[in-house]
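Visitor: Please see the structure below; I have some questions.
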Amino acid sequence: MRRAAVAVAAGAMAVSLAACGSAKESSDKSDSSSSAKKGDAIKVGLLLPENQTARYEKFDKPLIEKKIKELTNNKGEVVYANAKQDASTQNQQVDTMVTNKVDVLIVDAVDAAAIKSSVQKAKDAGIPVVAYDRLAQGPIDAYTSFDNTTVGKTQGQALLDALGAKAKSGKIVMMNGSSTDPNAAQFKAGAHSVLDGKVNVGKEYDTKDWKPENANANMEGAITALGKKNIVGVYSANDGMAGGIITALKAAGISVPVTGQDAELAGVQRILAGEQFMSVYKPYAPEADAAAEMAVALAQGKSLSTVAKDKVDSPTTKAVPSVLVPVTSLTKDNIKDTVIKDGVYSISEICTGAYKAKCDALGIK
């Protein structure tokens, strides 16, 4: 029986983050960063953190570019740079954008704390900043992401569901994301809130730079330390790392439930094949559209009140106008109703070669 896709309400994040400490009041900054209102011929700086994860180049960048063109009657220009997981490079990219006098910045920070001084430079230059996907520190003007704590809860609950009565029969390994990414801490906290007391965590890692090869090495170390017969499941914070983890598990002859996130094509195919239990489907279009809408409004000196319905506190800025997008637990039972229905992937992209028989068995034709 097909499971219904469970959309998780995003408002919870506003509550969970409201308790964070703060140093500055953000409220509605639509008039604070642009002294003169601009028309459609605006220049938007777009800074994304890395290209190891498929989503940034395949989805986020083109979606944001498309929406900005739409909102500016094809007159808006997007200036793009990718930091390739280097915080220093990203800071230099912000400096370049400030020098080139972009009208607004959309920044997905490599390191949320390290970007703080560059955000301040942009602010001092009268350039508003939209924090995208990760809650950057510094005087940001707006923020859009998913409910990251709920993402972790969704992953943790899925792992419990997969383990069932075996939940405490052995050890699980927790493969969290990079310690420099504030989202990773929220995923981890959410997962722990569900898993603690219900499983035995044998090994836990904060995976440097989110890299699959680092997750693979960590998993190999966990197998050696715990023994392959004692591992009953793996919490993986995203699909890229899940790929590295599953490679290590297969090499050791281990088949256990593994979580993921981002609904990458390879992850969806691993779910079809039974190698990965689940992923978290995060619809990128609403997130990208929100970032574009807020960026254009800020550049044009307009209010954010019609776009940003939530407020989020960062460690440095209070009550940042925010848009928080719901997420869905993706398993083999709802692939057709999520990533295919939303046009993220076509059936022909997913159901290639050895995966065709799996698709046929699930009625994905």
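The values are calculated or read from the model by the stated rules, or taken from the named source; none is laboratory data. Small disclaimer: the values here were computed from a predicted structure and weren't measured. Because the Cβ atoms are built from the backbone with ideal geometry, glycine has one as well, and the counts that use them run over all protein chains shown. Side chains included, ligands, DNA and RNA excluded: accessible areas come from the protein's heavy atoms. Shrake-Rupley method; radii C 1.70, N 1.55, O 1.52, S 1.80 Å.
Visitor: If you build a Gaussian network model of the chain, linking Cα atoms that sit under 10 Å apart, which residue out of 243, 152, 164 swings the most?
Guide: Result: 164 has the largest fluctuation of those listed.
Visitor: Okay, moving on. Do any of 38/75; 67/211; 61/311; 250/336 go past 22 Å between their Cα atoms, and which?
Guide: 67/211; 61/311; 250/336
Visitor: Another question, if that's okay. Could you please report the charge total around residue 53, scoring K, R as +1 and D, E as -1 over all other residues with beta-carbon less than 13 angstrom from its beta-carbon?
Guide: -3
Visitor: Right, here's the next one. First compute the accessible area of the range 146-249 with a 1.4 Å probe, then give the percent of it belonging to carbon and sulfur atoms.
Guide: In the range 146-249, the share of accessible area belonging to carbon and sulfur is 49 percent.
Visitor: Once every DSSP H run of n ≥ 4 in the chain is given -39500 (n - 2.57) and the sum is divided by its residues, what mean residue ellipticity at 222 nm do you get, rounded to the nearest 500 deg cm²/dmol?
Guide: Mean residue ellipticity, 222 nm, calculated: -11000 deg cm²/dmol.
Visitor: In the structure shown, do any of 69/188; 198/228; 171/332 have a Cα-Cα gap over 28 Å, and if so which?
Guide: 69/188
Visitor: For residue 320, what residues show an amide H to amide H distance below 5 Å, using hydrogens built from the backbone and excluding near sequence neighbours?
Guide: Under 5 Å from the amide H of residue 320: 312, 313, 314.
Visitor: In whole percent, and with a 1.4 Å probe on the protein chains, what portion of the accessible area of the range 308-365 is carbon and sulfur?
Guide: It is 53 percent, rounded to a whole number.
Visitor: Hey, another quick one. For the chain, take the longest principal axis of its alpha carbons; what is the angle in degrees between that and the long axis of helix 239-251, to the nearest 10 within 0 to 90?
Guide: Rounded to the nearest ten degrees, it is 20.
Visitor: Okay, next question. Among 274, 260, 177, which one moves the most in a GNM of the chain with springs linking Cα atoms closer than 10 Å?
Guide: Taking springs between Cα atoms under 10 Å, the residue moving most is 274.
Visitor: Oh, and also: For helix 61-71, report the angle its Cα long axis makes with the longest principal axis of the Cα atoms of the chain; keep it between 0 and 90° and round to the nearest 10°.
Guide: Between the helix axis and the principal axis of the chain, the angle is about 40 degrees.
Visitor: Which residues does the label zone of residue 341 cover in the range 141-167, counting backbone N under 17 Å from a point 7 Å along Cα→Cβ?
Guide: Those under the cut-off are none; the list is empty.
Visitor: Enter the accessible area per residue of the chain (Å², integer; probe 1.4 Å; all protein chains in place).
Guide: 40
Visitor: Another question, then. Mind checking which of 147, 124, 206 has the largest fluctuation in a GNM of the chain, springs on alpha carbons under 10 Å?
Guide: Maximum fluctuation in the GNM of the chain, among the listed residues, is at 124.
Visitor: May I pose another question? Express the C-alpha Rg of the range 135-254 as a ratio against the empirical globular expectation 2.2 N^0.38 Å, rounded to two decimals.
Guide: Normalised by 2.2 N^0.38 Å, the Cα Rg of the range 135-254 equals 1.09.
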